[in-house]
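Quick notes on the structure that follows.
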Amino acid sequence: MTNNPWHDIVVYIDGELYWKLGVCRVNDGASHQYRQGFSLGKLNNKGYLYLRWKSKEYAFHLVIWEYHNGKTPAGYIVDHIDRSILNNRIENLRLASKTQQNANTRKKTGPATSRFKGVHAWKKPGRFRLIFMGKYFGLFTSEEDAATVYNFLAFEEWGVHA
């Protein structure tokens with residue numbers, strides 16, 4: 001048994017996980033069969049891949065992060081850099097605080113008054129207001145200008161997580 005228990009259970013190859021084990025006994029005393037070398041993972045109702053081990057479900061991206069880096073530190077979560085929850089390559093995963101992860105989101109869909117995150121059409125046509133982290137930053141004559149300021153503020157606040 002290694003210091004990292006995932007190394008004894010799975011093999012990681014380019015964003016995929018494969019069982020390392022054949023038939024084994026786990027803590028419940030029952031014999032479970034894991035098809036050695038077979039790719040694993042099922043989609044949950046939120047669209048994330050997960051694996052089941054010892055009657056517990058584990059998200060793929062968390063297993064892959066811990067496989068390479070050890071336990072996730074308290075106060076951090078594992079974030080998909082490109083926002084694709086099915087892209088579980090280690091190069092696409094990073095640690096982030098909840099605030100940093102929330103910054104790494106797309107503009108919400110639905111009835112929108114602008115194409116850009118944080119930018120909203122104002123009452124007067126041709127005016128756009130900028131809201132960043134709940135604060136008002138003024139009116140702009142174009143969506144693009146307001147979005148440029150938003151992007152600057154986001155980078156200042158969150159760096160590469162923006």
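Right, residue 55: at pLDDT 80 or above and either in the same structural domain as residue 147 (by TED's automatic domain parsing) or touching an Asp or Glu at 6+ places or on another chain (Cβ under 9 Å) (or both) or not?
On the way: at pLDDT 80 or above: yes; either in the same structural domain as residue 147 (by TED's automatic domain parsing) or touching an Asp or Glu at 6+ places or on another chain (Cβ under 9 Å) (or both): yes.
Answer is yes for this residue.
Hey, among 75, 70, which residue is among the small types (Gly, Ala, Ser), at pLDDT 90 or above and farther than 25 Å from residue 8 by Cβ? Walk me through how you get there before you give the answer.
On the way: 70 fails: farther than 25 Å from residue 8 by Cβ.
When all the criteria are applied, what remains is 75.
The values are calculated or read from the model by the stated rules, or taken from the named source; none is laboratory data. This one's a predicted model, so the numbers in the text were calculated from it and none came from an experiment. Using ideal geometry, Cβ is built from the backbone for each residue, glycine included, and neighbour counts are taken over all protein chains shown.
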